[in-house]
1. Using DSSP to define loop residues, name the chymotrypsin sites (Phe, Trp or Tyr not before Pro) in the stretch 174-269 whose beta-carbon has at most 15 other beta-carbon atoms within 10 Å.
2. Tilt of helix 251-261 relative to the longest C-alpha principal axis of the chain, in degrees (0 to 90, nearest 10)?
3. Mind checking the angle between helix 140-150 and the chain's longest principal axis? C-alpha axes, 0 to 90 degrees, to the nearest 10.
4. If you take every DSSP beta bridge whose two residues both sit in the chain, what share of them, in percent to the nearest 5, is antiparallel?
5. What distance in nm separates the simple spin-label points at Thr245 and Ala82, each placed 7 Å from Cα in the Cβ direction?
6. Tell me the label only: which of (i) 60, 41, 38; (ii) 48, 38, 38; (iii) 92, 56, 33 is Cα extents along the principal axes in Å as calculated from this structure?
7. Helix 87-114 versus the longest principal axis of the chain: what is the Cα-based angle in degrees, 0 to 90, to the nearest 10?
8. Restricting to DSSP loop positions (anything but H, G, I, E, B) with no more than 14 other Cβ atoms inside 10 Å of their own Cβ, which chymotrypsin sites (Phe, Trp or Tyr not before Pro) remain in the stretch 44-81?
Amino acid sequence: MQIPSTIITLVIGMVLVLGGMWVGQNINLLPIDASVNAPIYDELFQVLFTIGTILFVGILGLLVFSLIRFRRRADQIGDGVAIEGNLPLEIFWTAVPAVVVLFVGLYSYDIYDRMGGMVPLAHDHMAGASEERVWGGISSGSIANEAAANTLPIDVTAMQFAFLFHYPQGEILSGELHVPAGRPVTLHMEAKDVIHAFWVPEFRLKQDVIPGQPTQLSFTPTRPGRYPIVCAELCGPYHGGMRSTVVVEEPEAWDEWFNNNSTIDVSTT
């Protein structure tokens, strides 16, 4: 008894989908997550990794099968049978990619919007927090005001080939970025010469730093540790060496660092 090709195709498709979902959920190729933004971005990566695995294994499997099954035999000296037109197949391979591309586009836009990507010249995952909604009698506006009052402002200057970090509250100038875990941080960035890009892979954040056009990057670090800051925009012959470090510390350790390095008496300000 021969199994119908439609049943075989359906079974293979189910195996591909289930296998791709398992790969997307269990294999992580990203660095550790160290900010509030990271899990949001990782959702999108898992979906794209799942879809990419299904397509890669499916297409590669079909290609290998076709090379073996339809290879030229030793006794074959003529051309293959000329087959033209298969309307159901053409509809299938047009509709499925269209649906996949539409889904990925809409989902990517939603993730980008949730991370604050639609805010002009800013990248603020808390951008939507100012909307007036109420949970348990507390308006989101008041929550946003409290968060803004607790935000740590830092001025970032990018130049060939270094980042400088200025803390206005303590008049600290540092070559490393020190931030406390769990506290919102807002970077006000400007470039002195050419376009640079501030990128921390563990934060899943990247923002261009543009001459004459200040930009802003807001985030909340979550995991104490030392993470690389990389310039992700070709900015000159020593672009590859334009790196720094963001040091995420426990609040008490950060307070000690801040007080030890502050050039003003912050207790009187």
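The numbers here are math on the coordinates, done by the rules we state, and not lab data. The model shown is predicted, which means the values in this text are computed figures rather than measured ones. In this analysis, Cβ positions are derived from the backbone assuming ideal geometry, glycine residues included, and neighbour counts consider all displayed protein chains.
1. Those that pass, being in a loop and sparsely packed, are Tyr238.
2. Helix 251-261 sits roughly 50 degrees off the main axis of the chain.
3. It is inclined by approximately 60 degrees.
4. Working: 30 of 45 bridges.
Roughly 65 percent of the beta bridges in the chain run antiparallel, per DSSP.
5. Label-label distance for Thr245 and Ala82, simple model: 7.0 nm.
6. For Cα extents along the principal axes in Å, the calculated option is (iii).
7. Orientation of helix 87-114: about 10 degrees from the principal axis.
8. Working: sites: Phe45, Phe49, Phe56, Phe65, Phe70; in loops: Phe70.
Hits after loop and neighbour filter: Phe70.
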